[in-house]
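The values are calculated or read from the model by the stated rules, or taken from the named source; none is laboratory data. Since the structure is predicted, the reported quantities are computational estimates derived from the model, not experimental observations. Heads up, the Cβs are rebuilt from the backbone with ideal geometry, glycines too, and the neighbour counts pull from every protein chain shown. Please note that ligands, DNA and RNA were not included when accessible areas were found on the heavy atoms of the full protein model with its side chains. Shrake-Rupley method; radii C 1.70, N 1.55, O 1.52, S 1.80 Å.
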Amino acid sequence: MKPSSSTELVLAILTSVLGSVLISAGNVILGIAAPTLPKSDGDLASGVAIAFLLFVVYILITRRRAPQEPRLLVVTRRNLDRGQALAKPNRWTYAIVAGVSIFIIVGIGVYSRWVLIERRTMYFIVDASEGSPTTFRELASRIKITTLPVPPETEIGLEAFGGGYSANSGCDDVVELVAPTPKAEAIEKISDALALLDQDSPKGFSGIQHATEYALKQLANRRDTQQIWILVTRLDTRCGELDRNEIDRIAAENNVKYELVIITVGPVSEADQRVLSAFAGRYIYAQTADEIPIIIQQQSRIPPVLYDLYRKVYGSYGP
Amino acid sequence: MDLRKQLRRNGDFSLSIFYALATTLLCAGATVLILNPIWSQLGLHVPEDPKTKVDFTMPVDGIFYVRNAELGYRWSAEYPQSLWFHPLVAWAIGVLPRSIAANLRLWAISLTASAIALVAVFRYSGPITPISLKPNLLLLIPLLPGGLVIGTGNAEIPCLVFNSLLIVSVILKWNVILPIAWGVLAILTKLNALYMVPALAVYCVAGLTKKDRKLVRNSLAGIISIAIVLVSWVLFVDLNSGQLGTYWQAREVGLVPLSSGPFSFLDTAARVLIFSDQIGERLKYSSALIIPLVDMWILLAIPFEKEEHRVAILASLLGLLFLTFFQNNPNKSIVYITTIPGHFALGMIFIVHCFNKLRQREHFPIWLMAGISFGVYCFMTGVFFVLGTPLAWYY
């Protein structure tokens, strides 16, 4: 391989750094534009970047050098006096700087993409319907927002259905109590909302389908994944069968990217569990309301995109 | 030594003293007339104590040195802001006449150290590069990243004095007493003297390779002096507090547990850059990565007399980065890097080299772009320092 001047080697380094910057930027843009893309694609982009840059580092380390000859980068009195060759940068120095630069730039790019993926809104829908063995207040009070393992910028909302809080009745009895708000403010707002509600005896139907459709309309056009958490104690068939395709249609209509997480509390028949499991993106069964905080905490640690991948690999939802 | 060279060197040395003094005075004047009103307006205060205002004589950590001088050390891990800071600057404040306010004493010490540091950095820059450096380049140092700290009261520039003298005593193979002395004084000033250990190790290896006993001797002397005095100070702190481990316990307050993983700094940085709406936090994490990286890139582009000089500076920069990642703490990178003599040396050499390349029309577009980028980068870091000091952006 033809030996080159130090400037060419500097150019090689700059090229590699520019390459890593571009590929990391591409990674970040990919994360914004298509955040539900399986992680493997992002890994592939990063892998190609690292392979390319390692190749450049390999070239730097192994290329032959010309015998040292007197070359004066700058004509100065000192150089003329000495008339000897100046030290050229060692190839290992280039390799170390290239390696550190790659590590930092690609690392920031990769982590940025992951962090972007984690951005979401958490929207809680709580069952306040009649006949519910666990009251609305018992369910809502167990949503421990302060301990949620999500960034403080995560927005949190609260909706209730079947509790007679809205002007409607029956299956249409749904109301948003707290619009999506950053975590710190949401704690206070949810606490205030619960304090204002006069809930001694629940009334209304447990219309999960309508509550979800209502939530999607409230979350229309919001960016990032809308994680809809439904806390319910039973499957009420008075409001009709659950229709996931209809939910998907309404989500598309309202430009909402969403994930449905259903937690049932208390005794639920196996048949109902199967129906709810097929309807939800994630379905978790809690025997008592006391399990709710731990379940929400554990499930919160899994960002929506990972569950998307899990479903795509192991089976999709739907009847 | 060639008489002509000796005379030229003496002339340069005298001129460097002149320009160092001029730079220090100009910087001090700019600090009083320009920075001080800005910082007063923006409410420069003690870190984490917005109600207690301070001025340019003791910004950021300066107050803690003054407190240690006036009140003495509080020998307990419950007072990390006393134990974090090594004693030399506090002792120096205590030694000066008490009729002068303690903060002014700190400022006077810093300004004196600035003048000496500039001379030392110039003395260091000369032998490491074939490029002829004129002493008037010292006037540009305040424009380099972190350079504005010269006009304020701080402990970083005193540390730079001893770090620079230490590295000069090694590469010029002075009497072995001198690297020992500078190593001792450097580590007694600030823990940042540890950045010199990788550089000295490089010189030690270079000396072993070339069978240069004096180089090996002086570099080992520097490393050992730093290590022994650091251990002694740690034990001294522990003894006074009555509990072994007090020094490191106090240090742990500023650390994130390593169990978070060595890559957690990048994860945290990504989260801050994406989620945080505080510009100061974003700039803090960005600067902690960008400033050492830019120095490394400049390092590759400029000529050195010997490769070991380049690798030694690289080793110091890697040490800075390693500690940032290990501690998971990006605080004060812009001022900590000023304790590495190579940082200012690189800036000066790069400026001259860039101008030379442009004059020779060699790869003109690339060097023009590089020069302009460097200028913009220095300006942005200057703004970051000016605004970031009162607004606590970098600490």
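Mean sequence separation of contacting Cα pairs (under 8 Å, at least six apart), scaled by the length of the stretch B:1-111, corresponds to a relative contact order of 19 percent.
Taking label positions 7 Å along the Cα-Cβ direction at both B:Leu139 and A:Arg274, the computed distance is 8.8 nm, reported to one decimal.
Our coupling estimate for the stretch B:114-121, obtained by passing each phi through the Karplus curve with A = 6.51, B = -1.76, C = 1.60 and θ = phi - 60°, is 4, 4, 5, 4, 5, 5, 5, 5 Hz, Gly and Pro reported as x. Using a Gaussian network model of chain B in which every pair of alpha carbons under 10 angstrom is joined by a spring, one finds that among B:Ala301, B:Ala22, B:Ala312 the greatest mean-square fluctuation is at B:Ala301.
Our coupling estimate for the stretch A:286-302, obtained by passing each phi through the Karplus curve with A = 6.51, B = -1.76, C = 1.60 and θ = phi - 60°, is 10, 6, 10, 5, 5, 7, 4, x, 5, 4, 4, 4, 5, 5, 5, 5, 9 Hz, Gly and Pro reported as x. Taking max minus min of the alpha-carbon positions on each principal axis, the stretch B:32-176 gives extents of 51, 38, 29 Å, largest first. In the stretch B:267-309, the residues that give up 40 Å² or more of accessible area when the other protein chains are added, compared with the chain on its own (1.4 Å probe), are B:Ala270, B:Arg271, B:Ile274, B:Phe275, B:Leu293, B:Trp297, B:Leu300, B:Glu305, B:Glu307. In the assembled protein chains, A:Lys257 presents an accessible area of approximately 70 Å² (probe radius 1.4 Å).
Segment B:Phe13..B:Lys211, full-extension length gain: 68.3 nm, with 0.36 nm per residue of separation and the alpha-carbon distance subtracted.
Under a 5 Å amide H cut-off, with hydrogens placed 1.01 Å from N, A:Asp173 pairs with A:Gly162, A:Phe205 among residues at least 5 apart or on other chains.
Looking at the stretch B:72-153, the pairs of alpha carbons with a distance over 23 Å make up 42% of the total. Please tell me which of these pairs span more than 28 angstrom C-alpha to C-alpha: B:Lys51/B:Lys284; B:Lys190/B:Lys284; B:Lys211/B:Lys332; A:Lys144/B:Lys53; B:Lys134/B:Lys332; A:Lys183/B:Lys332? Distance filter (> 28 Å) returns B:Lys211/B:Lys332; A:Lys144/B:Lys53; B:Lys134/B:Lys332; A:Lys183/B:Lys332. Based on C-alpha pairs under 8 angstrom that are at least 6 apart in sequence, chain B has a relative contact order of 21 percent. Among A:His210, B:His343, the sequence by solvent-accessible area, most first, with a 1.4 Å probe is A:His210, B:His343. Per-residue Karplus couplings for the stretch B:50-67, computed as 6.51 cos²θ - 1.76 cosθ + 1.60 with θ equal to phi - 60°, are listed in order as x, 7, 9, 8, 10, 10, 5, 6, 8, x, 6, 7, x, 4, 6, 5, 5, 5 Hz, Gly and Pro entered as x. Taking every C-alpha pair closer than 8 Å and separated by at least 6 residues, the mean separation divided by the residue count of the stretch B:117-184 gives a relative contact order of 35 percent. Amide H contacts of A:Ile125: A:Glu159, A:Trp229, A:Ile230, A:Leu231, each under 5 Å away and 5 or more positions distant or on a separate chain (H built 1.01 Å from N in the peptide plane; Pro and chain starts excluded). The calculated 222 nm mean residue ellipticity attributable to helices in chain B amounts to -22500 deg cm²/dmol, summing -39500 (n - 2.57) over DSSP H runs of n ≥ 4 and dividing by all residues. Among B:Leu358, B:Leu191, B:Leu118, the largest mean-square fluctuation in a Gaussian network model of chain B, built with springs joining Cα atoms closer than 10 Å, belongs to B:Leu358. Spin-label model, B:Leu235 to B:Ala101: label points 7 Å out along the Cα-to-beta-carbon direction sit 4.1 nm apart. Full extension of the chain segment joining B:Phe326 with B:Gln243 gains 27.4 nm, where the gain is 0.36 nm per residue of separation less the Cα-Cα distance. Under a 5 Å amide H cut-off, with hydrogens placed 1.01 Å from N, A:Glu259 pairs with A:Gln226, A:Gln227, A:Ile228 among residues at least 5 apart or on other chains.
One chain, two ends: A:Asn168 and A:Arg301. Fully extended at 0.36 nm per residue, the span grows by 44.3 nm beyond their Cα-Cα distance.
A simple packing score, the average count of other Cβ atoms within 10 Å per residue, orders the peptides A:279-292, B:38-51, A:150-163 as A:150-163, A:279-292, B:38-51, with the highest score first. Per atom type, the stretch B:1-144 shows carbon and sulfur on 65% of its accessible surface, probed at 1.4 Å.
If I model a spin label as a point 7 Å beyond the Cα along the Cα-Cβ vector, how far apart are those points for A:Asp290 and A:Lys144 in nm? In this crude label model, A:Asp290 to A:Lys144 measures out at 1.3 nm.
Taken over chain B, the alpha-carbon convex hull comes to 159 cubic angstrom per residue. Chain B and chain A together bury an accessible surface of about 3500 square angstrom, both sides counted, with a 1.4 Å probe and no ligands or nucleic acids included.
What does the accessible area of B:Trp75 come to, in Å² to the nearest 10, when a probe of 1.4 Å is used? B:Trp75 has an accessible surface of roughly 70 Å² with all protein chains in place.
Compactness ratio for the stretch B:176-288: Cα radius of gyration over 2.2 N^0.38 Å (N = residue count) comes to 1.43.
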